[in-house]
Structures are given as structure tokens and as C-alpha cells.
Amino acid sequence: MTLYTTLDSPLGELLLVGEESATAPGGLALASLSVPGQKGGATVQDGWTYAPAAFADIAHQLRAYFDGKLTRFGIAYASARGTDFQRRVWQALEAIPYGTTTTYGKIAADIGAARGAVRAIGTAIGANPLLVVRPCHRVIAADGSLSGYAGGPVRKRQLLDIEGALPDAVPDAL
């Protein structure tokens, strides 16, 4: 069964979507976390059940993150959808430490893809269904600019600011 809730945050109202799971703590695995206006973000579907209580632990962790008190999420994810390549990229995202950034080229190297695969890396990152908790916001361009983020550059800047990870080369205005 697919469950959902919304959560107010500094990024706007988040949409959290989960799937019941016998193996996940609390019986819920997070399938999607979307921000308002997100490119490719989830939207509530017929047959989904509104169940805010089911997301209590996830909501608590997100609030602690936004308050600067949590640096690593302990959330069970629903089985990863996507291609094998996307899943490899997403796994690499999860290895980026809090408060740091990396580049698209470094992600390509980390997963054994050719350096020329940077565009494909960006496309796979853009398909990440778990914004914030799977930290695609920590990936920046080689020149230090905040290129690409499905939630928009302002939100990417907000997340990096929460983590104290804004690169020096990033201009004040986006």
C-alpha cells in the first residue's frame, strides 16, 4: 500500500511517499521525497492513503536536519527503481559526507564510468526520487557553480547552506 503525507519545511511543503514494508523500521520505506515545483516530482495519486502518523520518524529526522542537528539520515528506502546505472549513481550520492560537495566528474570516476559520462551522471542524479535524504544537492559543477538540481538552484543553495558546504566560487545571486 502506498502512503503519503506532507511536511512544512524551509524548502516549502514536502511530499513524502512511502510503501508499507515488513522489514523497514516502523513498517514504512520511503519511496519519494519531493519539493514544490520539482522537475519530475511525485504528485498524489488515486488510491494512495494519507497517513501522517506513519511518517512520524522520517518527519522528526527531516526537522532535525533542517535545524542543523542531524547529519546522517536513518531512513529505510523502498526498493530502488531506475536503471542499474541510476542506482549506481544514487549509491554514490549516499556516500557523499554531510557538509561536503563533490563534482559530476568525481561521481563518474567513483562508479567507474568514463569522464565523458558527466551528462549521463547529471541525468541520473536528476531522476533521484529522494531529494534531501539522498543528497544530490551535494553535487556541483567542476567550476564550483551550483549547476542542476531538480528542486531548483535556490533550494540547492539552501541545503548547502544548512550543511555549511557552499563553495566559495558561488555568486550571491542565482
Run lengths n ≥ 4 of DSSP H only: what is the helix-derived mean residue ellipticity at 222 nm for the chain, with -39500 (n - 2.57) per run over all residues, to the nearest 500?
-8000 deg cm²/dmol
Quick one: give the max-minus-min coordinate of the C-alpha atoms of the range 55-119 along each principal axis, largest first, in Å.
41, 27, 15
Stretchable slack from THR71 to ALA142, in nm (0.36 nm times residue separation minus alpha-carbon distance):
23.1 nm
Förster-model FRET efficiency, 41 Å R0, ALA53 and ALA114, C-beta, rounded to 0.05:
0.30
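What whole-number value in Å² describes the accessible area per residue of the range 1-55 for a 1.4 Å probe? Don't skip to the answer; put the middle values down first.
Details: 2810 Å² over 55 residues.
Per residue, the range 1-55 has an accessible area of 51 Å².
Semi-axes, largest first, in whole Å: what does sqrt of 5 times each Cα gyration tensor eigenvalue give for the range 1-150?
27, 17, 14
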C-alpha long axis of helix 56-66 to longest principal axis of the chain, angle in °
30
Over 16 Å apart: what share of the alpha carbon pairs of the range 79-174 falls there, rounded to a whole percent?
50
How large a share of the accessible area of the range 6-98, in percent, is made up of carbon and sulfur atoms when the probe is 1.4 Å and the other protein chains stay in place?
50
Just to check I understand the Karplus step: with θ = phi - 60° and J = 6.51 cos²θ - 1.76 cosθ + 1.60, what whole-Hz values come out for the range 68-73, glycine and proline as x?
x, 9, 10, 10, 8, 7
Using the Karplus curve 6.51 cos²θ - 1.76 cosθ + 1.60 with θ = phi - 60°, what ³J(HN,Hα) values do you get for each residue of the range 20-31, in whole Hz, with x for Gly and Pro?
4, 8, 6, 9, 7, x, x, x, 9, 10, 6, 9
Give the separation of the Cα centroids, the range 139-165 to the range 9-85, in Å.
20
Beyond 13 Å, what share of the Cα-Cα pairs of the range 46-86 is found? Please give it as a whole percent.
67
If packing is taken as the mean number of other Cβ atoms within 10 Å per residue, what is the order of 41-48, 17-24, highest first?
17-24, 41-48
Taking max minus min of the Cα coordinates of the range 1-59 on each principal axis, largest first, gives extents in Å of 32, 24, 16
Compute the distance in nm between two label points, each set 7 Å from the Cα along the Cα-to-Cβ direction, one at MET1 and one at GLU13.
2.3
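The values are calculated or read from the model by the stated rules, or taken from the named source; none is laboratory data. All of these numbers come straight from a predicted model, not from anything done at the bench. Glycine also receives a Cβ, built like all others from the backbone with ideal geometry; neighbour counts cover every protein chain displayed. Calculation scope for accessible area: heavy atoms of the full protein, side chains included, ligands and nucleic acids excluded. Shrake-Rupley method; radii C 1.70, N 1.55, O 1.52, S 1.80 Å.
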